[in-house]
1. So is residue 46 touching a Ser or Thr at 6+ places or on another chain (Cβ under 9 Å), charged (D, E, K, R) and open to solvent by 60 Å² or more (accessible area, probe 1.4 Å) or not?
2. Scan the range 35-58 and report the pairs whose first residue is on the phi > 0 side of the Ramachandran plot and touching a residue at least 40 places away in the same chain (Cβ under 8 Å) and whose second residue is surrounded by 13 or more Cβ atoms within 10 Å (Cβ to Cβ) and assigned to a helix (DSSP H, G or I), with Cβ atoms within less than 6 Å and a gap of 6+ or a chain change.
3. Within the range 59-69, work out how many residues are more than 15 Å from the chain's Cα centre (by Cα) and either under 14 Å from residue 16 (Cβ atoms) or not hydroxyl-bearing (Ser, Thr, Tyr) (or both).
4. Let me confirm something: among 27, 17, which residue is touching a Phe, Trp or Tyr at 6+ places or on another chain (Cβ under 6 Å) and among the polar types (S, T, N, Q)?
5. Report, by residue number, each residue of the range 52-82 that is among the hydrophobic types (A, V, I, L, M, F, W, C), open to solvent by 40 Å² or more (accessible area, probe 1.4 Å) and in a helix (DSSP H, G or I).
6. Please go through the range 18-39 and give me each residue that is outside any strand (DSSP E or B), surrounded by 14 or more Cβ atoms within 10 Å (Cβ to Cβ) and not polar (S, T, N, Q), ordered by number.
7. Going by the structure shown, is residue 14 in contact with a helix residue (DSSP H, G or I) (Cβ under 8 Å, 6 or more places away or on another chain) and either assigned to a strand (DSSP E or B) or of a type in the set (Asp, Glu) (or both)?
8. Out of the residues in the range 3-29 that are closer than 18 Å to residue 67 by Cβ and in contact (Cβ under 8 Å) with a residue 40 or more places away in the chain, which is farthest from the chain's Cα centre (by Cα)?
Amino acid sequence: MVLAEANSKIVGYAVGSLVDRGEEQASAYCEMVFVSKNYRNRGIAKKLIKALVDYVRELECSQIYHYVAKWNKPMINASLSVGFSQAPSDIG
C-alpha cells in the first residue's frame, strides 16, 4: 500500500498485491487507487500509481496489471502516463 498525505491527513492510497508463480517471477496487480474528492485533478493518482510500480520493480516482478473500468477516463489517463498499456476490452 502506498499513501498520499496532505496537511498531515491521508488523502489517497494505492493498493497492490503479488502473485507468486512458483519458479517463475512473481506478477503484481494494482488493485485499487483512491484519491479524496477534494484532492483530485492534482496528479496524486499518477504519483500513487508510479510509487506502486516503482516498488514492484524493486521486487523484480515480471509484470504488473491494472484493470480500470473503461468509463474511468481520469484513471486510464493516469495509468497510461506512467507506462501502462491499454488492452482492448468489452468489459465495462
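The values are calculated or read from the model by the stated rules, or taken from the named source; none is laboratory data. Not measured: the values here are computed from a predicted model. Ideal geometry is used to build each Cβ from the backbone, glycine not excepted, and the neighbour counts take in all protein chains shown. Only protein heavy atoms, including side chains, enter the accessible area calculation; ligands, DNA and RNA are left aside. Shrake-Rupley method; radii C 1.70, N 1.55, O 1.52, S 1.80 Å.
1. Details: touching a Ser or Thr at 6+ places or on another chain (Cβ under 9 Å): yes; charged (D, E, K, R): yes; open to solvent by 60 Å² or more (accessible area, probe 1.4 Å): yes.
Answer is yes for this residue.
2. So the pair list comes out empty.
3. As a first pass, look at the range 59-69 and keep what is more than 15 Å from the chain's Cα centre (by Cα): 59-60, 62.
Restricting the remaining residues to those that are either under 14 Å from residue 16 (Cβ atoms) or not hydroxyl-bearing (Ser, Thr, Tyr) (or both) gives 59-60.
Residues that pass the stated criteria total 2.
4. On the way: 27 fails: touching a Phe, Trp or Tyr at 6+ places or on another chain (Cβ under 6 Å).
Just one listed residue meets the conditions, 17.
5. 80
6. Within the range 18-39, 26, 39 qualify.
7. Working: in contact with a helix residue (DSSP H, G or I) (Cβ under 8 Å, 6 or more places away or on another chain): yes; either assigned to a strand (DSSP E or B) or of a type in the set (Asp, Glu) (or both): yes.
When the stated conditions are applied, residue 14 passes them.
8. 18
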